[in-house]
Every structure is written in structure tokens, then in C-alpha cells.
Amino acid sequence: MVLFGVYRGVVLDNSDPQVSGRVKVNVEGRQAWALVTVTSPKLQVGAMVIVAFERGDPDMPVVLGRVA
């Protein structure tokens, strides 16, 4: 599966076990730890976010921002 473009997602967890600032997101029914482009303020659980995927890889999500 390849995921090009941007998607809406929901933050499920903001306590990264690797302490690297990632958040766990749910996008299109898939869950993964995502890099975050903006770290302040901390994204809250339940926040709607915009997510893209590096090289279309569904295991490499990147949160681009929060939906207000």
C-alpha cells in the first residue's frame, strides 16, 4: 500500500516511548508513531492533525500540523 498526498488523522497517544517527540496517530484505520514538524504546543490526544507519509510509506507518517 502506498499513501501519497495528505490525510486527516487523530492523535491517539502523545507519550513517545522513545522520547523523540513523536505522536501515535490513526490515519485511514492504520496506527503508527509519527514525526511531528511543530512541537509547540504539545499535540493533545484526540487532536485532529494533517498527516503525510515519507515516500508514500504508511509506516513513516509525518504530522504537518493540527486542524483548528
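Summary of computed values
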{"read-out": "Residues that are in contact with a Leu (Cβ under 8 Å, 6 or more places away or on another chain) and buried (at least 16 other Cβ atoms within 10 Å of the Cβ), drawn from the stretch 30-49", "value": "Val36, Val49"}
{"read-out": "Filtered residue count, the stretch 1-29, keeping only those that are modelled with pLDDT under 95 and surrounded by 10 or more Cβ atoms within 10 Å (Cβ to Cβ)", "value": "3"}
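The values are calculated or read from the model by the stated rules, or taken from the named source; none is laboratory data. Keep in mind it's a predicted model, so treat the numbers as computed, not measured. Please note: Cβ atoms are built from the backbone with ideal geometry, for glycine as well, and neighbour counts cover all protein chains shown.
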